[in-house]
Amino acid sequence: MTTKTDQKFQLNVQRLHDELHYHNHRYYVLDDPEIPDSEYDKLLRELQAIEAQHPELLRPDSPSQRVGAPPISEFTQVTHLLPMLSLSNAFNEGEVLAFEKRLLERLNSTTPKDDELDEAEQGLLQNKITELEYAVEPKLDGLAVSLLYEDGILVQGATRGDGETGENITENVRTINSIPLKLTGENIPQTLEVRGEVYMPKASFEALNKKARDKGEKTFVNPRNAAAGSMRQLDSRITASRNLAMYCYATGRMAGALGEEIPPPEKHSDALQQLADWGFRICPDSKVVKGAKGCLAYFAEIGAKRDELSYDIDGVVFKVNSLDLQQQLGFVSRAPRWAIAHKFPAQEEMTLLKEVEFQVGRTGALTPVARLEPVFVGGVTVTNATLHNMDEIARKDVRVGDTVIVRRAGDVIPEVARIVPSKRPDNTIQIVMPSECPVCESAVVQLEGEAVSRCTGGLICPAQQKQAIKHFASRKALDIDGLGDKLVEQLFDENLIKNISDLFSLKFDDLIKLERMGDKSAENLIASLEASKKPTLARFIYALGIREVGETTAKSLSNHYGSLDAIKHTDEESLKEVNDVGPIVANHVVSFFQETYNNEVIEALLAAGIDPILPAKVDIQDLPLDGNTYVITGTLSLMGRSEAKAQLEALGAKVSGSVSKNTTALFAGEKAGSKLTKAESLGVEVLNEEALIKLIKNHSTDA
């Protein structure tokens, strides 16, 4: 007899089957996921919990019993020599410790009896079990593929598919430079199956999406989707243009000339080294650790430098390193018992968009900000997220009342990545750009060719005034120590300052009245303001906040004109002759100095004692590194990056923040990220810190 409780569980199972099959299809077949991975994991774990409690409800077609999704129909199907299985997941420290506990219990229960082993074998096996050794590696967020080599020649590439059968993507695989077409080294098996992850480096992903945005085309959600979409192109020329890469992480079947099985090395880490010897690319961040504590320490280590990696990851993978123990541990239906993926806290989550407000920036740009139902994303609770601009809102079709996917990576401002169409109610509200500034009620305009709309109030607008003061005091501008954003807000709201020149009229008695402002803090701020009165001309120009004038352009203006007065009285044609200055920047510079209010503020600053240090008059063409463009990335151990940049520029070089085909060389320190990847892809010379110091030393002598 079927009870109401049984019916409830049956209905829940059917609902979960339907939802998981739907999202599986969108993720693996359409490459267009509707929900974040974390939401999918929650649904799958809910189903697994019911099936564990009610085994009679476990069906052969359950999403919990299969790997991935059926192959897509556009490609021919191939069968893997050894199945490509998935991994079980751990989401916290407790689950990692429980994973090792299960391993030890199973090993102890399946270990041969003492009388079946000699003394040496007993000791060796006991050591392996007492403190398990793990091969650990980042879990790349890409597309799993299997490569087949015959006589050392690549003959086939295939996707995971359903684990048994995948899609033949050989022509696309051949376009990936990091995949060898012919193997090198010794003792290469007659038949060799290799598994790896095809991914798109972060730099390539950013470049691909920028190109798509410039053309008004749809962008990819993340590097994983970009890699998967690129590998499933029928035209391999498109794949070749995407700059994909691959790291290998395992072997499949290995056989000799007569078809006999060739045993792998004793350890997984040795097998990876063997692959490297044959010409495959192995993740340099892989290592071997002892015990679950070693695994957790590695998880923390990779997590700390996650944002600096040149590739996207969503966790780490722990594998028992001994292949003998792997065999002894065996498999469950979906995954090996001897491996687990420890996932990072979700960087994408689903929540409700409650309303949209418009914030006004330093240049008057209005940015739509989503006010959200609080959601925990990437380790923090998020209540606000950027919507960028109205073009992005239209492209993503975002409305108030939508269920949205919020994305957060590292310290990047959270953004609304996309909506969940299936959860849209009937009463959503279209988002409309206001016609008046929400702060000063001035008209809002959108200039032709610009994606953003701006308040026309200028520095009359309090919002723009606040942002201008924050920029003026920032580290790269006048670097006024102790004058943070919150204090600027407080000073402005208390009517103690209205523009940047008012900062230098602040008195100790004014400051001491502020909430949470002690005597020492007030004295330090007055001292910092006094110390900031001797900026370089380049810093002063940058601090003024002229649109499109960043650090490099400010330095170019300073070096070219040599004085503030000369810059104030120049014209657009003259400005176009300056390095880094084009027609748009020239127009912004001239317009800024034609504004009466701006000149009044500058005069007030000079009257308050601001005295910019003028650049030494040097003919740039006489400097030894003139005409060279360098990029510095990573952590330098012997000098700061700012110091290195200053010394290179003093020798006539240009130091850029991005790598291009015109870059002379990239100086890469520790933890170099996406810039290193891009330099390698463009064939730009990569040098270390020792070469940087040698270059500066040699040419400083010349100078």
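Among residues that are in a loop (DSSP other than H, G, I, E, B), among the small types (Gly, Ala, Ser) and without any contact (Cβ under 8 Å) to a residue 40 or more places away in the chain, GLY161 is not included.
From the list GLU603, GLU643, the one residue that fits, being within 37 Å of the chain's Cα centre (by Cα) and not hydroxyl-bearing (Ser, Thr, Tyr), is GLU643.
Please specify each residue of region 502-528 satisfying the condition of being of a type in the set (D, E, K, R), farther than 16 Å from PHE492 by Cβ and part of a helix (DSSP H, G or I). Within region 502-528, ASP509, ASP519, LYS520, GLU523 meet the criteria.
Test ASP397 against the stated conditions and say whether it is in contact with a helix residue (DSSP H, G or I) (Cβ under 9 Å, 6 or more places away or on another chain), free of Cβ contacts under 8 Å to residues at least 40 places away in the same chain and exposed (fewer than 15 other Cβ atoms within 10 Å of the Cβ).
So ASP397 fits the description; yes.
Looking across GLU595, GLU577, GLU603, one residue alone is surrounded by fewer than 18 Cβ atoms within 10 Å (Cβ to Cβ), out of contact with any Cys (no Cβ under 6 Å at 6 or more places or on another chain), farther than 28 Å from ALA653 by Cβ and modelled with pLDDT under 90. It is GLU595. For PHE540, state whether it is touching a Leu at 6+ places or on another chain (Cβ under 8 Å), touching a residue at least 60 places away in the same chain (Cβ under 8 Å), surrounded by 14 or more Cβ atoms within 10 Å (Cβ to Cβ) and in a helix (DSSP H, G or I). So PHE540 fits the description; yes. Of everything in region 503-527, what is buried (at least 17 other Cβ atoms within 10 Å of the Cβ) and touching a residue at least 60 places away in the same chain (Cβ under 8 Å)? Give them in sequence order. Once the filter is applied, which keeps residues that are buried (at least 17 other Cβ atoms within 10 Å of the Cβ) and touching a residue at least 60 places away in the same chain (Cβ under 8 Å), region 503-527 yields only PHE504. Answer yes or no: is there a residue in region 170-177 that is modelled with pLDDT of 90 or more, touching a Phe, Trp or Tyr at 6+ places or on another chain (Cβ under 8 Å) and either within 30 Å of MET254 (Cα to Cα) or assigned by TED's automatic domain parsing to the domain that holds GLY142 (or both). There is no residue in region 170-177 that is modelled with pLDDT of 90 or more, touching a Phe, Trp or Tyr at 6+ places or on another chain (Cβ under 8 Å) and either within 30 Å of MET254 (Cα to Cα) or assigned by TED's automatic domain parsing to the domain that holds GLY142 (or both). State all residues of region 311-340 that are assigned to a loop (DSSP other than H, G, I, E, B) and either more than 23 Å from GLN273 (Cβ to Cβ) or at pLDDT below 90 (or both); if no residue qualifies, say none. Of everything in region 311-340, those that are assigned to a loop (DSSP other than H, G, I, E, B) and either more than 23 Å from GLN273 (Cβ to Cβ) or at pLDDT below 90 (or both) turn out to be ASP312, GLY330, VAL332, SER333, ARG334, ALA335, ARG337.
Being within 22 Å of GLU308 (Cα to Cα), in contact with a strand residue (DSSP E or B) (Cβ under 9 Å, 6 or more places away or on another chain) and surrounded by 20 or more Cβ atoms within 10 Å (Cβ to Cβ): is that true of THR663 here?
For THR663, the condition - within 22 Å of GLU308 (Cα to Cα), in contact with a strand residue (DSSP E or B) (Cβ under 9 Å, 6 or more places away or on another chain) and surrounded by 20 or more Cβ atoms within 10 Å (Cβ to Cβ) - is met.
The residues on offer are GLU489, GLU448, and the sole one that is loosely packed, with under 13 Cβ neighbours inside 10 Å and out of contact with any Ser or Thr (no Cβ under 9 Å at 6 or more places or on another chain) is GLU448. Annotation for region 215-224: no member residue is free of Cβ contacts under 8 Å to residues at least 24 places away in the same chain, assigned by TED's automatic domain parsing to the domain that holds GLY166, part of a helix (DSSP H, G or I) and of a type in the set (D, E, K, R).
Within region 1-37, restricting attention to residues that are modelled with pLDDT of 80 or more and of a type in the set (A, V, I, L, M, F, W, C), the residue that is surrounded by the fewest Cβ atoms within 10 Å (Cβ to Cβ) is LEU11. The set of residues from region 133-192 being crowded, with 16+ Cβ neighbours inside 10 Å and at positive phi comprises GLY152, GLY161, GLY163.
Inside region 188-245, residues that are at pLDDT 90 or above and of a type in the set (Lys, Arg) make up a count of 3.
Looking at VAL382, VAL369, VAL360, VAL375, just one residue is of a type outside the set (D, E, K, R), touching a Leu at 6+ places or on another chain (Cβ under 9 Å) and modelled with pLDDT of 95 or more, and that residue is VAL369. If I ask for residues that are outside any strand (DSSP E or B) and either among the acidic types (Asp, Glu) or touching a Pro at 6+ places or on another chain (Cβ under 6 Å) (or both), which ones from region 133-158 would you list? Answer for region 133-158, where residues must be outside any strand (DSSP E or B) and either among the acidic types (Asp, Glu) or touching a Pro at 6+ places or on another chain (Cβ under 6 Å) (or both): ASP141, ASP151.
The values are calculated or read from the model by the stated rules, or taken from the named source; none is laboratory data. Everything quoted here is computed from the prediction, not taken from an experiment. Don't worry about glycine lacking a Cβ; one is built from the backbone with ideal geometry, like all the others, and counts go over all protein chains shown.
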